[in-house]
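The values are calculated or read from the model by the stated rules, or taken from the named source; none is laboratory data. Not measured: the values here are computed from a predicted model. Methodologically, a virtual Cβ is constructed for each residue, glycine included, from the backbone with ideal geometry; neighbour enumeration extends over all protein chains shown. The area values use the complete protein model at the heavy-atom level, side chains included, leaving out ligands, DNA and RNA. Shrake-Rupley method; radii C 1.70, N 1.55, O 1.52, S 1.80 Å.
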Amino acid sequence: MITSCDEAIDRLREVPGLSVCPRPLLALPLLRTGCLSAVLSVESPDAGWEGEFDAEFHALEATTGRRDHTAMGVGIHELLRALARSGERPRLGRELALLPYQAFQPHWRSALAELGTRLVEPTQSVSLAGLQDKTAQRAWLRSVGVNTPPDAVVGTLDHRELRRRFGGTYVVQAPRGSGGKGTYLVTGEADLLGINSGAGPWLVSGYVEGAPVNVHGLVSVDGTVQILRPSVQLTRVEGVGAAFGAYSGCDFAAPALLPSRALDRAVEQTRQVGTALAGLGYRGLFGADFVLDGPDDALLLEVNSRMQGSTWLLSEIELAQHTLPAALRHALERYGHATGGEPSLDPADGCQLVVRHTGGPVRVAAAPTGGLHRLKDGQLQRCGDGFGLLECGPDDCVLLQLPAAGTVLYTDVPIARLVTRYPLTGPDGSGLTAQGRQLVEALHAGFVLEPARAGAPC
């Protein structure tokens with residue numbers, strides 16, 4: 001059993017690693033520890049990453065000159081085709097072990113082979129495709145004995161009938177979607193007009209007013225389940241350009257301010273789900289999304305059997321505490337190597353906030369430079385290089401996920417991620433703090449945006 005970070009790194013470095021992910025930030029713990037040789041992503045790495053980490057980066061954004069809503073599966077395939085058309089042979093031409101962020105798509109294998117890459121894939125290849133459908137997953141969750149909000153699967157959206165069943169406010173979700181995409185808050189019939197009524201069946205749930213909490217779990221190769229540090233999900237923050245339900249970051253310190261009994265219920269139910277996933281043959285990390293229902297209970301909304309958008313930050317916290325990071329444990333368990341240690345559930349200082357572009361397509365004429373910043377007189381002042389939480393002091397802010405000058409931005413795409421050791425929202429993940437608001441305003445002030453020209457790569 002692997003329990004130390006050094007041993008984990010040695011094992012993962014035996015075969016050079018490849019990460020396939022929406023953005024390189026999600027692979028940061030693997031990059032820091034030298035476990036990756038190559039990263040394929042939709043969004044580009046921040047300035048300075050290629051010089052800091054001994055890895056080869058290839059991103060669709062750098063090829064197309066745009067940051068849009070291309071799904072990761074489609075984007076990676078487009079990127080591989082672009083690499084093949086270029087006639088260049090990147091250093092991908094070697095044996096690479098896949099260290100996955102989420103499920104690998106089989107047609108990528110042949111595209112990589114055209115570039116001369118032999119891909120070593122995880123030993124566990126259990127398909128949980130049935131649980132990717134939210135309507136099927138919600139029924140499965142109830143079958144394993146956890147509490148969920150009241151819901152119904154409907155083929156058409158009849159506001160009068162749904163209001164009768166769920167009250168004046170309810171949530172509509174498309175069968176598939178992640179990060180809050182395809183999730184809508186309905187408070188009146190007009191809200192249904194912007195929803196594609198032909199895209200059902202729909203999962204409709206009663207709206208529960210409570211703090212959104214994510215709990216990481218890990219299923220080990222022997223089927224045992226461990227619970228990792230929880231965080232408050234930032235999904236309803238005004239002023240950052242996010243629609244209802246859109247993932248806007250997380251805060252690992254905020255759970256200390258929430259009702260302990262409700263958090264205990266979330267942990268207990270996460271363990272139940274992990275045991276059920278183990279029975280299906282799944283191994284590795286998973287995340288359970290809850291909404292706290294009063295001081296004593298938690299309702300489970302959905303489960304993602306993969307690394308989460310918060311896994312990288314959790315792993316940064318664990319690296320700082322000299323414990324085996326969750327991202328490394330996930331990769332090892334997927335390849336059949338048992339990992340151990342007793343993870344801490346204690347709150348820890350670590351917060352990330354995603355800020356999005358609002359409005360129509362624009363071209364970035366100028367943008368802030370990523371790295372370590374401090375707020376002074378209402379302006380962001382760059383203090384040096386910074387790639388994540390490890391470089392961030394108690395009064396600092398690290399800017400990440402920034403588009404390069406010349407990039408065309410589409411509506412609702414991320415333009416930056418703010419990483420701090422202090423809270424940027426209230427304890428329940430809603431409402432910017434005064435300091436959070438100042439940071440967001442200073443961030444926007446550092447951008448110069450111009451209308452995208454006709455014929456631009458939109």
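Structural remarks
- Less than 5 angstrom separates the built amide H of Thr433 from those of Thr425, Gly426, all sequence-distant by 5 or more or on a different chain.
- Pairs of alpha carbons in the chain whose separation is greater than 44 Å (percent): 8
- What you get for the chain, charging only the Cβ of Lys and Arg (+1) and of Asp and Glu (-1), is a dipole of about 1040 debye around the Cα centre.
- Whole-number D in µm²/s for the stretch 330-458 (Stokes-Einstein; Kirkwood sum over Cα pairs; 20 °C, 1.002 mPa s): 129
- MRE, 222 nm, helices only [DSSP H, n ≥ 4, -39500 (n - 2.57), over the chain, to nearest 500]: -7000 deg cm²/dmol
- Probe 1.4 Å, protein heavy atoms only - accessible area per residue of the stretch 119-172 in square angstrom: 51
- Here the chain exposes an accessible surface that is 49 percent carbon and sulfur, computed with a 1.4 Å probe and the other protein chains kept in place.
- Count Lys and Arg as plus one, Asp and Glu as minus one, and take only other residues whose Cβ is under 14 Å from that of Glu209; the net charge is then -2.
- Averaged per residue, the stretch 327-407 has 38 square angstrom of accessible surface, using a 1.4 angstrom probe with ligands and nucleic acids left out.
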